[in-house]
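Each remark here refers to the structure printed beneath this line.
The values are calculated or read from the model by the stated rules, or taken from the named source; none is laboratory data. As the structure is a prediction and not an experimental result, all values here were calculated from the model. Neighbour counts run over all protein chains shown; Cβ positions are idealised from the backbone, glycine included.
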Amino acid sequence: MVDIFERLEKNAGGPIGQYMAYAHGYFAFPKLEGEIGPHMLFRGKMVLNWSLNNYLGLANLPEVREADAKGAAQFGMAAPMGARMMSGQTKYHEQLERELAEFVGKEDAFLLNFGYQGMISIIDCLLTPRDVVVYDAEAHACIIDGLRLHKGKRFVFGHNDMDSLRLQLKHATELAEEQNGGVLVITEGVFGMKGDLGKLDEIVALKKEFSFRLLVDDAHGFGTMGEGGRGTASHFGVVDGIDVLFNTFAKSMAGIGAFVSGPRWLINLFRYNMRSQLYAKSLPMPMVIGALKRLELIRNHPEFQQRLWEITRALQGGLKENGFNLGVTNSPVTPVFLKGGVNEATNLVVDLRENYKLFCSIVVYPVIPKGEIILRVIPTAAHTLEDVNYTIDAFKAVRDRLESGYYANMPMPMRADEGFSVR
């Protein structure tokens, strides 16, 4: 018999956490301090920050801060007490749901406390063991974890590969007919790592060949894509073809929470059956009041989305003109692909942060294959063209060092708790 704690301690950390003694506080769990925005403090130094999903720059708008403060002053963080079904229902929760549904073009919407647990619960609520799921290979972790609860069969199709999807739909349809079940397709509006759009128009068109329902996670599309920020389905003109639409407040809304929208009967089914909401406290009132203000600003100020795209086009266009590989992104998510090992990536990022005062997220093995580096840059409406130009120049400098072997020939930086330097 194995002692659980002995096993865990022996393999402490897992594939990423094994580096925690070295990386904690710098590469992992870094502390960005000060006012949320393009310029924040990191380890006591002001850095140009490209790592926050504050797409529309709402986080520190005076109107938003005032709404948050008033909500907290009037209701406190405790209200409402209890789950929605029992004692946590308010007119403000209902108002926000109505306004969100109208904004994205659906009959009704249901507020969720958190996006991650919300998606897991949506999948659990929709399916029986007889149903078959077909999902994109690069679906977000919340979708994968939701599918782990599914006791039925699931098929994965190659990322955004419509021939692969068609093949898997054939298999899924045959199996579902044998089991007297249905077929659910799951994909994303904007894929958060590479920035490409899910081919929602082509997937919806496949409904002419196959019988299935479509669930779309549009966390990165809400506020950034489509007319007035209504999302990726709006961008493609297929809102009616999306059966279940999921969005979060954690990106463009700069808040906490999420919502699912669709036909009213289905949303009512969710209200009475989603375990992550039935057995959880209602979304606190300040967050609801704050979300109402954020949605009002998005509706009434299309210039936020326009400014985001101005910065995005300047950044992505400038990087491409200077020979950087951005992959297949066609959203604000901006991945910069470089070649190098973990040692080189580590030294490059330290150089960016310490010498160029530039902070962005880095992705290396084991998240992506060995020998690859992704610098993930998130433009926002709060950034300036000066920020863009400075960043392009900094990236050119570190790329030259990377390609010259400068980082490869250097020792790994000191441990996070001892300070970092690259000269």
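How many residues does the stretch 34-80 hold that are in contact with a Ser or Thr (Cβ under 6 Å, 6 or more places away or on another chain) and within 22 Å of ILE289 (Cα to Cα)? Steps first, please.
The first filter runs over the stretch 34-80 and keeps only residues in contact with a Ser or Thr (Cβ under 6 Å, 6 or more places away or on another chain), leaving 51, 54-57, 80.
When the remaining residues are screened for being within 22 Å of ILE289 (Cα to Cα), the result is 54-57, 80.
Looking only at that region, the number is 5.
Being of a type in the set (D, E, K, R) and either modelled with pLDDT under 95 or not assigned by TED's automatic domain parsing to the domain that holds MET253 (or both) is the filter here, so list the residues in the stretch 71-95 that pass it. Give the derivation first.
The first filter runs over the stretch 71-95 and keeps only residues of a type in the set (D, E, K, R), leaving 84, 91, 94.
Scanning the stretch 71-95 gives a single hit, ARG84.
Taking the numbered list (1) surrounded by fewer than 22 Cβ atoms within 10 Å (Cβ to Cβ); (2) in contact (Cβ under 8 Å) with a residue 40 or more places away in the chain; (3) part of a loop (DSSP other than H, G, I, E, B) in turn, TYR365 passes all entries but (2). The numbered conditions (1) in contact with a helix residue (DSSP H, G or I) (Cβ under 8 Å, 6 or more places away or on another chain); (2) part of a helix (DSSP H, G or I) are all true for ASN343 except (1). When ARG376 is tested against (1) out of contact with any Asp or Glu (no Cβ under 9 Å at 6 or more places or on another chain); (2) surrounded by 22 or more Cβ atoms within 10 Å (Cβ to Cβ); (3) not aromatic (Phe, Trp, Tyr), just one condition goes unmet, and that condition is (2). Identify, please: which residue in the stretch 57-93 is in contact with an Asp or Glu (Cβ under 9 Å, 6 or more places away or on another chain) and surrounded by fewer than 17 Cβ atoms within 10 Å (Cβ to Cβ) and is, among those, nearest to GLY221 (Cα to Cα)? Among them, the one singled out is ASN60. Screening SER211 against (1) assigned to a helix (DSSP H, G or I); (2) more than 26 Å from LEU61 (Cα to Cα) leaves a single unmet condition, (1). State yes or no: is LEU358 in contact with a helix residue (DSSP H, G or I) (Cβ under 8 Å, 6 or more places away or on another chain) and surrounded by fewer than 21 Cβ atoms within 10 Å (Cβ to Cβ)? No, not satisfied.
Close Cβ contacts (under 8 Å, 6 or more residues apart or on different chains) running from residues in the stretch 399-419 that are surrounded by fewer than 16 Cβ atoms within 10 Å (Cβ to Cβ) to residues that are at pLDDT 70 or above and small (Gly, Ala, Ser) comprise ALA408/GLY340; ALA408/GLY341; ARG415/ALA21; ASP417/GLY25. Total residues in the stretch 180-194 satisfying the condition of being at pLDDT 95 or above and outside any strand (DSSP E or B): the figure is 5.
Scanning the stretch 230-259 for residues that are crowded, with 24+ Cβ neighbours inside 10 Å and in contact with a Phe, Trp or Tyr (Cβ under 7 Å, 6 or more places away or on another chain) yields GLY231, ASN247, LYS251, SER252, ALA258, PHE259. ALA28 falls short of the stated requirement of being over 30 Å from ALA291 (Cβ atoms) and among the hydrophobic types (A, V, I, L, M, F, W, C).
Residue-by-condition table, conditions (1) out of contact with any Asp or Glu (no Cβ under 7 Å at 6 or more places or on another chain); (2) part of a strand (DSSP E or B):
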position: LEU283; (1), (2): yes, no
position: ALA291; (1), (2): yes, no
position: LEU295; (1), (2): no, no
position: LEU308; (1), (2): yes, no
position: ALA314; (1), (2): yes, no
position: LYS320; (1), (2): yes, no
position: VAL328; (1), (2): no, no
position: LEU338; (1), (2): yes, yes
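Listed by position, the helices (runs of 4 or more DSSP H) inside the stretch 1-56 whose residues that are without any contact (Cβ under 8 Å) to a residue 24 or more places away in the chain and surrounded by 11 or more Cβ atoms within 10 Å (Cβ to Cβ) number at least 3 form an empty set.
In the set SER276, SER261, which member is of a type in the set (S, T, N, Q) and part of a helix (DSSP H, G or I)?
Values: SER261 fails: part of a helix (DSSP H, G or I).
Residue meeting the stated conditions: SER276.
On inspection, GLY223 fails the criterion of being in a helix (DSSP H, G or I), over 26 Å from LEU165 (Cβ atoms) and in contact (Cβ under 8 Å) with a residue 24 or more places away in the chain. In the set (1) loosely packed, with under 13 Cβ neighbours inside 10 Å; (2) farther than 23 Å from HIS220 by Cα; (3) of a type outside the set (Phe, Trp, Tyr), ARG98 fails one condition alone, (2).
Identify, from the list THR90, THR173, the residue that is farther than 23 Å from PRO263 by Cα and more than 22 Å from the chain's Cα centre (by Cα). Show your work before the answer.
Values: THR90 fails: farther than 23 Å from PRO263 by Cα.
Checking each option against the conditions leaves just THR173.
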